[in-house]
Each structure stands twice: as structure tokens, then as C-alpha cells.
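Trainee: Next up is a structure, given as C-alpha cells.
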Amino acid sequence: MRSTSILTLMLATLIAVACDANDLAESDELSVTQGGTGVNASVNSSYPTVIPLPTGFQPEGIAVGHGNTFYVGSMFSGAVYQGDLRTGEGAVLVPPAPGARMSFGLSFDRRSNLLFAAGGFTGAGFVYDAQTGELVGAYPFAAGGVSLVNDVIVTRRAAYFTNSFQPVLYRVPLGPAGQLPDPPQFQELPLSGDFQSVSECPIGFPAPINADGIDATPNGEYLILVNLCLGTLYRVDPETGVATLIDLGGETVPFGNGILLDGLDLYVVQSLLNQIAVIRLDPQLHAGVLTRVITDPRFRVPATIDEFGNALYAVNARVDVAPPDQPAPGVEFEVVRLPKK
């Protein structure tokens, strides 16, 4: 179940803004800007720099698994593609289930070999066996159509899902080896403290996309969230949901979608701007400084990223030509490899 009226309005704006962003990106010759100096974003490696996905796949989330394996989810159909970062080859692991499942953000748990998928407008979260593709868990967090379960991150103790339409997180507790709870259970964790949730988006969205991308510190002590509409970042207590605004010195990261924390560097995919902002955080995650912005002529409305070694992998969602609520036959999609530095 999905709210077609809200989604249709949102996508109309996405298309208009994305087209403007693409025009801007095409006129910008710099791949990385830092202090006015351009740096070529190509990667000197035998690994492919562009990995094609199945035509019409409509990707959003990406997660790197064991070895060279990566996974990409399909927004429209809920399918999951499994590929090899070294060869660029792959195949569909989880078959499509349009109307029943969607796959937005992904997170992989190395302990259990489980793949967690945010279920988008279904209002649910899904868990798959990353080897067989079998659905091993489904969590109906909220009513479909009025919720947007957008992203997920796995920590030592739990998996946390965002809801972009409501100021809450959904927490699925995990066992010491990453086991799912038996019987299935989850907790709704209200976002409080400094977290702001807007009913009207100030940057042109007709739908209020609030909490979007999520990541966590390696020890799971804190979560980090980005608010797409406000371009704000938050440090969140994973037990209480209390959020503390991260001071960016007046900067914001509007259209912030997927995020990646690497040490004290936070990469924020600004999808409709076709760029990735790099924020250097202080050790307490109280403040951050925008150190550079990564652009690349291969970006075509990237949505999320993950890392492998010294490289980033960004998924081109192309929502300007492939709205997630309808099939997109004939549209090509890809994963783009680029350096962290």
C-alpha cells in the first residue's frame, strides 16, 4: 500500500530539481573541490570504476558484504542484486515482489550474514539471508503509504530504521551473534531533543522528508542522522532517541540522503545536487566542518554510498527519469567507484 497522491507530487518536484542539478553538474568540470583546487576523481585500480546494474532495476541502497561482494536494493520491486566489486559481474539474489516489498537503504551484518532492507512506502523492514536471498524476517513498523522507512544501520545490539515521515526510529534488537529476536519484535523510539521534523519542506519538496540516512559509530554508542529537508545532522542516543544537533558552523547539507561515517569523516550524499559533502567531525560528534564537496560527471542522482578499502561506491538512483512508484523499463543504472580522498 502506498500513497500515490503524495508520491506523485514528490516525484514531480524530484524530476524538476534533478534536471536543474544535472545541468549544473554538467557545467562543473571539477570532480572534487577543496579550497578552490580541482582533483580528478578517477580511481587508479584494476577494479571497475562503473558497475552496470540490470536495466530497469531502480536502485537505492547499497551494502558491501564479505570479500568483494556488494548488494543493491530495488525501490520499486523490492529485489536485491548481488555483485562482485572486482569483476563487476552479478545477478539478482532476492527476486522482485512489486506491491509487496520495496528496498531502500541496506545494511549488512557480518556476524550473521544477514542483509537488512528499509521497506520504503510499505512501512516495513525486511531481513534476508545474504547467501540464499531467503526472506528470514519482516517487521511491519507502520501503516503503508503514510510512512517512508528510508534507511537502516546495524550495530552490535540492534538494527535501526528511519521513518522520513515521522520523528521516530524503529529498533530491532539483535543477539550477541546478530541473531534476530524470536519471536519477532521491535521498539518504536521517538526522536526528541534537538531533532526537528518539518511538515513543509523549505527546499522545494512537496512531501516532508525528514530523517533519512543513518549511520553509527563503530562501538554503537551513537547514531548519526541527516534531515533531508533541513540539511541538518544529529548525534542520537540509540537507547533514548535523544538527538543533539551537530554544529556545522552555519553550513547545511540539503537533499542529504545516504550517509557514511569513516573515522571522523562523514560523507553525505546530496542526491539531487549530484554531489557528496565531506564533513570532518570532532571526536565528541558535537560539531563538524565542511571540508570538501565531491562531484563527478558520472553521477546521475546518486542516493546512497558504501566503502571498500580506500574507495567509495555510489548508487545512481536516477529518480529524475525513474520514479520509484512505477516501473522504468529501458532505463540504465549503475554503481560508481571513486576515491575517498
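We did not get these values from a lab; they are worked out from the coordinates using the rules stated. In this text, all values refer to a predicted model and were calculated from it rather than measured experimentally. All Cβ positions, glycine included, derive from the backbone under ideal geometry; neighbour counts span all protein chains shown.
Trainee: Collect residues whose amide H, placed 1.01 Å from N in the peptide plane, falls under 5 Å from the amide H of Q326; neighbours closer than 5 in sequence don't count.
Mentor: Excluding prolines and chain starts, which carry no amide H, there are no hits.
Trainee: What is the set of long-range amide H partners of D151 at a cut-off below 5 Å, with H atoms built 1.01 Å from backbone N?
Mentor: G105, T162
Trainee: While we're on this one: Skipping prolines and chain starts, which residues have an amide H placed within reach, meaning under 5 Å, of the one on A97, given they are 5 or more residues away or on another chain?
Mentor: Result for A97 returns G78, A79.
Trainee: Oh, and also: At a threshold of 8 angstrom on Cα-Cα distance, excluding pairs fewer than six apart, so keeping six or more, what relative contact order does the range 4-339 reach in percent?
Mentor: Across the range 4-339, relative contact order equals 18 percent.
Trainee: Calculate, for D84 and A143, the FRET efficiency according to 1/(1 + (r/R0)^6) with r their C-beta to C-beta distance and R0 30 Å; round to the nearest 0.05.
Mentor: E between D84 and A143, to the nearest 0.05, is 0.20.
Trainee: In addition: What translational D, rounded to a whole number of µm²/s, comes out for the range 87-161 from Stokes-Einstein when the hydrodynamic radius is the Kirkwood one over Cα pairs, at 20 °C and 1.002 mPa s?
Mentor: After rounding, the answer is 169 µm²/s.
Trainee: Can you tally the net charge around Q284? Count Lys and Arg as +1, Asp and Glu as -1, for every other residue whose Cβ sits under 15 Å from the Cβ of Q284. Numbers along the way, then the final one.
Mentor: On the way: positive: R235, R280; negative: D194, E221, D237, D247, D282.
Result for the neighbourhood of Q284: -3.
Trainee: A further question follows. By average Cβ neighbour count within 10 Å, what is the ranking of 102-110, 281-289, 175-183 from highest down?
Mentor: Those peptides, ordered most packed to least, come out 102-110, 281-289, 175-183.
Trainee: Along the principal axes of its C-alpha atoms, what lengths does the range 96-207 span, in descending order and rounded to whole Å?
Mentor: 42, 34, 23
Trainee: 7 Å from Cα along Cα→Cβ at both R110 and R157: what's the point-to-point distance in nm?
Mentor: The two pseudo-label positions are separated by 2.1 nm.
Trainee: Taking the Cβ of R171 as the center, what net charge do the other residues with Cβ under 11 Å away carry, scoring Lys and Arg +1 and Asp and Glu -1?
Mentor: Local charge sum for R171: -1.
Trainee: Still on this structure, I have one more. Using a Förster distance of 25 Å, how high is the FRET efficiency between D182 and A91, based on the Cβ-Cβ distance and rounded to 0.05?
Mentor: 0.25
Trainee: Using alpha carbons only, how many angstrom separate the centre of the range 286-314 from the centre of the range 105-167?
Mentor: Here the two parts' Cα centres lie 23 Å apart.
Trainee: Spin-label point model (7 Å from Cα, Cβ direction): what's the T132 to F308 distance in nm?
Mentor: The two pseudo-label positions are separated by 2.6 nm.
Trainee: Another one. If packing is taken as the average number of other Cβ atoms within 10 Å across a peptide's residues, how do 197-204, 238-245 rank, most packed first?
Mentor: 238-245, 197-204
Trainee: If you don't mind, another one. Sticking with the crude label model, points 7 Å out along Cα→Cβ, report the distance from N68 to K341 in nm, one decimal please.
Mentor: A separation of 2.4 nm, rounded to one decimal place.
Trainee: Cα-based Rg (one decimal) and Dmax (whole number) for the range 4-339, in Å?
Mentor: Considering the range 4-339 through its Cα atoms, Rg and Dmax are 18.1, 55 Å.
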